[in-house]
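Each remark here refers to the structure printed beneath this line.
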Amino acid sequence: MKVVLFRTQGGLEVLEYTDFPTPEPGEGQVLVKLEVAALNRMDLWTRSGSSGIKVEFPHITGADGAGTIAALGPCVSGWNLGDRVVINSNLGCGHCPACVAGKDNLCRNWQLLGETVRGTYAEFVAVPDTNIYPVPEGFDLRQAAAAALVFHTAWHSLIKRGGLRPAESVLVVGASGGVNTASIQIAKLAGASVYVVGSSAEKLELAKSLGADYLIDRSQDGNWSETVYYLTGKRGVDVVVDNVGTTFPSSFRVAAKGGRILTVGNSGGPKFEIDNRYIFSKHLSIIGSSMGTRADFAQVMELVFAGKLRAILDRDYPLLEARSAQERLEKGEQQGKITLTIG
Ligand SMILES: [Zn+2]
């Protein structure tokens with residue numbers, strides 16, 4: 001099969017379009033013929049090695065993908081060849097206490113497709129049959145693949161971990177990234193009022209089109225936490241979605257008493273200073289999460305299929321041009337999800 005792999009971690013130049021043996025689906029696995037893969041920032045970190053995760057070379061990155069079932073491994077039932085499916089990249093072992101309790105993103109033997117095992121920048125991928133979800137006839141596979149990881153992640157963070165309730169206020173720090181655009185939509189769907197801090201008028205326009213109520217352009221406003229504070233009548237917001245990390249000091253300032261700071265990543269860098277006084281005096285909760293459970297995946301994908309949530313699609317590239325696709329993501333030129341068409 002054709003794949004894009006790398007034999008050593010490094011810059012864009014390590015990506016190689018080449019042939020690789022097609023995987024055999026093992027027990028309980030299906031072989032998916034991928035039609036589309038979607039990019040995530042983790043692809044860049046896995047390639048460069050900055051995430052610190054050891055990979056087996058040659059490595060194939062890519063967590064998101066959708067396509068059709070091309071082969072069934074032993075002990076697979078309920079699926080047929082040709083079924084259209086989207087992949088849930090959160091790979092739980094299925095038998096540890098967390099998995100048995102339905103908390104498979106807390107799995108003791110947790111793997112993430114494309115990060116710790118070979119992923120979707122390939123014509124085929126073998127995954128457990130518990131990690132595929134049926135895509136309705138006529139629904140765009142590109143939209144399904146692009147929605148999967150970001151909506152799964154944002155849903156688990158805002159709804160399950162964050163316990164977001166109607167009429168609460170949510171600030172999303174960042175306007176255009178995949179998880180942020182998903183968070184804006186989920187918060188609106190939950191009945192919250194949504195504040196968005198973005199780096200340009202263009203990015204904020206996108207947030208507005210997704211239903212954001214208050215837009216703050218940080219290229220024009222150096223003190224956005226104060227602006228949001230005043231916009232809320234000096235109360236602050238109930239929930240801050242901060243996947244930048246280095247903006248935590250501002251997020252602490254802008255959170256209301258009893259506020260929750262939700263984080264699923266750190267696009268701005270992993271380390272920053274914390275002024276503990278904000279945490280105890282305002283009764284703040286800092287809530288981390290990563291990926292989501294199988295139940296979350298089903299719930300959020302059904303909302304995507306129903307058109308209540310949608311991935312914002314940026315450019316599409318052929319698999320052969322994965323390097324250009326990653327370059328666009330690395331430069332932050334995209335608005336929404338970059339995808340790869342395969343085959
Ligand atoms: Zn497990």
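The values are calculated or read from the model by the stated rules, or taken from the named source; none is laboratory data. Keep in mind the model is a prediction, meaning the values are calculated, not measured. Because the Cβ atoms are built from the backbone with ideal geometry, glycine has one as well, and the counts that use them run over all protein chains shown.
Worth a mention:
- Residue tally, condition in contact with a Leu (Cβ under 6 Å, 6 or more places away or on another chain) and in a strand (DSSP E or B), over the stretch 65-90: 6
- Applying the criterion of being among the hydrophobic types (A, V, I, L, M, F, W, C) and surrounded by 15 or more Cβ atoms within 10 Å (Cβ to Cβ) to the residues of the stretch 78-92, the residue that is nearest to the ligand (Cβ to nearest atom) is Leu91.
- Of all residues making up the stretch 80-101, the number that are under 23 Å from Ala144 (Cβ atoms) and within 26 Å of the chain's Cα centre (by Cα): 10
- Filtered residues of the stretch 66-76 (kept if more than 21 Å from the chain's Cα centre (by Cα) and either touching a residue at least 40 places away in the same chain (Cβ under 8 Å) or within 12 Å of Thr130 (Cβ to Cβ) (or both)): Ile69, Ala70, Ala71, Leu72, Gly73, Pro74, Cys75, Val76
- Pairs linking a residue in the stretch 30-45 that is more than 18 Å from Thr116 (Cβ to Cβ) and of a type outside the set (Val, Ile, Thr) to a residue that is modelled with pLDDT under 95 and outside any strand (DSSP E or B), with Cβ atoms under 8 Å and 6 or more positions apart or on different chains, are Lys33/Gly343; Leu34/Gly343; Glu35/Gly343.
- Filter result for Asp314 (in contact (Cβ under 8 Å) with a residue 40 or more places away in the chain, closer than 20 Å to Ala63 by Cα and among the acidic types (Asp, Glu)): no
- Residue, farthest from Ser267 (Cα to Cα), within the stretch 317-329, restricted to residues that are touching a Phe, Trp or Tyr at 6+ places or on another chain (Cβ under 9 Å) and in contact (Cβ under 8 Å) with a residue 60 or more places away in the chain: Leu320
- Matching residues in the stretch 112-121 - criterion: being within 16 Å of the ligand (Cβ to nearest atom), over 15 Å from the mean Cα position of the chain (by Cα) and at pLDDT 95 or above: Val117
- Among the candidates Asn109, Asn105, the residue that is within 10 Å of the ligand (Cβ to nearest atom) and outside any helix (DSSP H, G or I) is uniquely Asn109.
- Screening Thr61 against (1) β-branched (Val, Ile, Thr); (2) surrounded by fewer than 23 Cβ atoms within 10 Å (Cβ to Cβ); (3) in a loop (DSSP other than H, G, I, E, B) leaves a single unmet condition, (2).
- Pairs with Cβ under 6 Å, 6+ apart, first in the stretch 82-105 and free of Cβ contacts under 8 Å to residues at least 60 places away in the same chain, second near the ligand (Cβ under 9 Å from one of its atoms) and basic (Lys, Arg): Cys96/Arg108
- Within the stretch 251-296, the residues that satisfy the criterion of being under 26 Å from the mean Cα position of the chain (by Cα), at pLDDT 95 or above and hydroxyl-bearing (Ser, Thr, Tyr) are Ser251, Thr263, Ser285, Ser289, Ser290, Thr293.
- Considering residues of the stretch 117-138 that are touching a residue at least 40 places away in the same chain (Cβ under 8 Å) and assigned to a loop (DSSP other than H, G, I, E, B) only, the residue surrounded by the fewest Cβ atoms within 10 Å (Cβ to Cβ): Glu137
- Filter pass, Val100 being hydrophobic (A, V, I, L, M, F, W, C) and more than 11 Å from the ligand (Cβ to nearest atom): no
- Close pairs from the stretch 251-266: first of a type in the set (A, V, I, L, M, F, W, C) and surrounded by 20 or more Cβ atoms within 10 Å (Cβ to Cβ), partner part of a loop (DSSP other than H, G, I, E, B) and at pLDDT below 95, Cβ under 7 Å, at least 6 apart: Phe252/Asp275; Val264/Asn243
- Among the residues of the stretch 1-32, those identified as among the polar types (S, T, N, Q) and surrounded by fewer than 22 Cβ atoms within 10 Å (Cβ to Cβ) are Thr8, Gln9, Thr18, Thr22.
- Taken as a whole, the condition of being exposed (fewer than 13 other Cβ atoms within 10 Å of the Cβ) and either closer than 27 Å to Tyr133 by Cα or touching a helix residue (DSSP H, G or I) at 6+ places or on another chain (Cβ under 9 Å) (or both) does not apply to Glu35.
- Of residues in the stretch 279-318 being of a type in the set (Lys, Arg) and outside any loop (DSSP other than H, G, I, E, B), the one surrounded by the most Cβ atoms within 10 Å (Cβ to Cβ): Arg294
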